[in-house]
Amino acid sequence: MAFGCWTAWWPSITRRMAEIGFYHLTRTTPEAALPALLGRTLAARQRALVRCGSEARVAALDEALWASKEPDWLPHGTARALGDKAGSDKMGNGASQPIWLTAGEDCPNGARYLFLLDGASAPGDVLFDRVFDLFDGGDGAAVEAARNRWAAAKAAGLALTYWQQGERGWVKKG
């Protein structure tokens with residue numbers, strides 16, 4: 001997946017967003033790391049949009065969230081799971097879903113928190129309060145792309161934080 005043009009959606013993000021967090025995965029996959037982050041999102045009474053780089057990632061994440069043991073309940077929906085390849089929420093009650101997984105531009109649940117995987121970019125016309133950019137520390141190209149996104153976001157004056165996986169969870173660096 002191309003790492004997209006982040007700058008296209010920064011003007012809308014800067015009006016409402018508190019921070020963009022870069023999450024450096026060094027110990028687990030996104031499927032293993034996301035349940036805890038999404039659980040905290042739900043505990044904060046927020047909705048989440050998880051934007052993946054491919055339908056294959058949506059499918060893997062869908063399975064991982066249903067199988068999650070901690071937290072053990074992460075209600076979510078996808079258009080893919082309902083056989084709708086167009087990304088519509090017409091069959092998935094997208095507006096009712098606290099977590100929506102997609103590889104498209106859809107955001108039917110009014111999420112304020114955005115999780116980006118595989119270098120996916122934010123939908124251009126949706127405002128978010130927080131963005132979580134997760135990237136694979138074992139993939140040199142993904143790390144370099146994340147560095148480029150960080151530099152561009154910093155140059156645009158956005159509020160940034162960097163998190164790295166540690167032995168007991170996420171550690172805020174710098």
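Here's the picture: a label point sits 7 Å out from the Cα of E70 along the beta-carbon direction, and within region 139-174 the residues with their amide nitrogen under 16 Å of it are 165-171.
Taking R0 as 22 Å, what's the FRET efficiency between D139 and K172 from their Cβ-Cβ distance, rounded to 0.05? Write down the numbers at each step before the final one.
On the way: r = 22 Å, r/R0 = 1.01.
For R0 = 22 Å, the calculated efficiency reads 0.50.
Once the convex hull of the C-alpha atoms of region 13-165 is built, how many Å³ does it hold per residue, rounded to a whole number?
Values: hull volume 16.0 nm³, N = 153.
Cα convex hull per residue, to the nearest whole number: 105 Å³.
Couplings 3J(HN,Hα) of region 158-173, computed from phi: 7, 6, 10, 9, 10, 10, 10, 5, x, 4, 10, x, 8, 10, 6, 10 Hz, in residue order, whole Hz [Karplus 6.51 cos²θ - 1.76 cosθ + 1.60, θ = phi - 60°; x for Gly and Pro]. Taking 7 Å steps out from each Cα toward its Cβ at Q164 and Q46 produces label points 2.4 nm apart. Remark on R47: its backbone amide H falls under 5 Å from those of R112, Y113, a criterion applied only to residues 5 or more positions apart or on other chains, H modelled at 1.01 Å from N.
Computed from the coordinates by the stated procedures, all read-outs in this text should not be read as laboratory data. All of these numbers come straight from a predicted model, not from anything done at the bench. FYI the Cβ positions are ideal-geometry reconstructions off the backbone, even for glycines, and counts take in every protein chain you see.
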